[in-house]
Amino acid sequence: MLLEGSKRVASVHRYKKLENSLFKKTGRFFVRLGRSIGDALRAFFHFGRKKYSIVVVPHSEKRVYNLQISIFSFALVLLVLAGIVGAFFWYGALYSGTRGALVENESKLKEAQANLDMLRDETANLLRSAKSFEAALSSTLSTLGLTSKPATTSSAQQGDLSSFFEIKETAQGTLKEVSELRRLSGYLSSAVDPLKEIGNLLDSQNTLLTDIPSIWPIQGGIGHISMYFGQNINPFTGQWYIHKGVDLSTYRQGDPVVAAADGQVVTVDYDIGGFGNYIIIKHKHGFYTRYAHLQAFRVQKGQKVQQGQVIGYIGNTGLSTGPHLHYEVHIGSDVVDPMKYLNIRSTLARNTVK
């Protein structure tokens, strides 16, 4: 036990001795390092404080100039000069970039101005067209007895002051055309309902024109009137008599005869002493039409026909002086002049143009 204890004590003494030796060596190292750094700094400042003379000797008898400058001062001057030169180049590069951006923005501004001028021209053309449309629409509405209500914006209806400021802004700085476009936009919006009424009216008109005998009963509108409705001389007796229809001729047989209006065939027959082959069609609103002296039929009794549908062909059957179509229009039991209804479409077209 005593031997083991003495070994432990000896080991501790060796460790302490080694520790003290390491501490001393480390201390001496830092001392030497500090001295070396101090010597280097002293040498550096000593070198920097050294002065050099710059002598300027003129070629005349004037005074010789002697300029003394230290290394530190000379380095500072070089540093300042380097900063000035760097700043000059940096400013030059910045100026070049800014100048390029200004040139590009100027080009874009010119292009935008050109586009704006073109837009103003197109706006002016649009305004002229819109005003022409407004005048034409107003005239049409007046003719048809319709009116276009003034347009009111939602902001005005709600008592909002935004519309007031918009008008003020437009009056002060923005384009005059903008105000006109706003007004015309409101007018066109208010014209939608009257236009719908016009469309409905035209649809009703077209429906009415297909329900009444309003088209030429020979396909393609060919032929001419060889005898009018009313008082005429009978070609067989030479006496005056009342002709109850109109005679339409193409100088030949076989040209298609068409229904003058939508309806239903009520008679397909032959009259040996008068009409020859003839057809009677019943239409809406109490109208009946008769087509006589036909060469042949294309329909049968009870068949529904549409306006413009071929129902037969021009012939020379019955009591006839030559190929022609005898065409009659009846309203109930009264016989009327077919020309009054054949002229309806042209009359409506003339009124629409006016």
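The values are calculated or read from the model by the stated rules, or taken from the named source; none is laboratory data. Every value quoted in this text rests on a predicted model; they were computed, and no experiment measured them. We place every Cβ from the backbone using ideal geometry, glycine too, and count neighbours over all the protein chains shown.
Take region 263-286 and flag every residue that is charged (D, E, K, R) and at pLDDT 95 or above.
Of all residues in region 263-286, those charged (D, E, K, R) come to 269, 271, 282, 284.
Within region 263-286, D269, K282 meet the criteria.
Please name all residue pairs, on different chains or six or more residues apart, with Cβ atoms under 6 Å, provided the first residue is in region 270-283 and is in contact (Cβ under 8 Å) with a residue 60 or more places away in the chain and the second residue is assigned to a strand (DSSP E or B).
These pairs meet every condition: H283/G263.
Within region 131-150, can you find the residues that are of a type in the set (S, T, N, Q) and either within 28 Å of the chain's Cα centre (by Cα) or at pLDDT 65 or above (or both)?
S132, S138, S139, T140, S142, T147, S148
Condition first: free of Cβ contacts under 8 Å to residues at least 24 places away in the same chain and either in contact with a strand residue (DSSP E or B) (Cβ under 7 Å, 6 or more places away or on another chain) or more than 12 Å from P213 (Cβ to Cβ) (or both). Can you find one or more residues in region 311-332 that meet it?
So in region 311-332, the residues free of Cβ contacts under 8 Å to residues at least 24 places away in the same chain come out as none.
No.
Could you list, ordered by first residue, the pairs with Cβ atoms under 6 Å in which the first is in region 222-249 and without any contact (Cβ under 8 Å) to a residue 40 or more places away in the chain and under 16 Å from V336 (Cβ atoms) and the second is surrounded by 11 or more Cβ atoms within 10 Å (Cβ to Cβ) and of a type in the set (G, A, S), at least 6 apart or interchain?
Pairs that qualify, where the first residue is without any contact (Cβ under 8 Å) to a residue 40 or more places away in the chain and under 16 Å from V336 (Cβ atoms) and the partner is surrounded by 11 or more Cβ atoms within 10 Å (Cβ to Cβ) and of a type in the set (G, A, S): there are none.
Being at positive phi and within 60 Å of the chain's Cα centre (by Cα) is the filter here; which residues of region 216-239 pass it?
The answer is G220, G221, G223, G230.
Scan (1) of a type outside the set (A, V, I, L, M, F, W, C); (2) modelled with pLDDT under 75; (3) surrounded by 10 or more Cβ atoms within 10 Å (Cβ to Cβ) for the single condition S60 breaks and write down its number.
(3)
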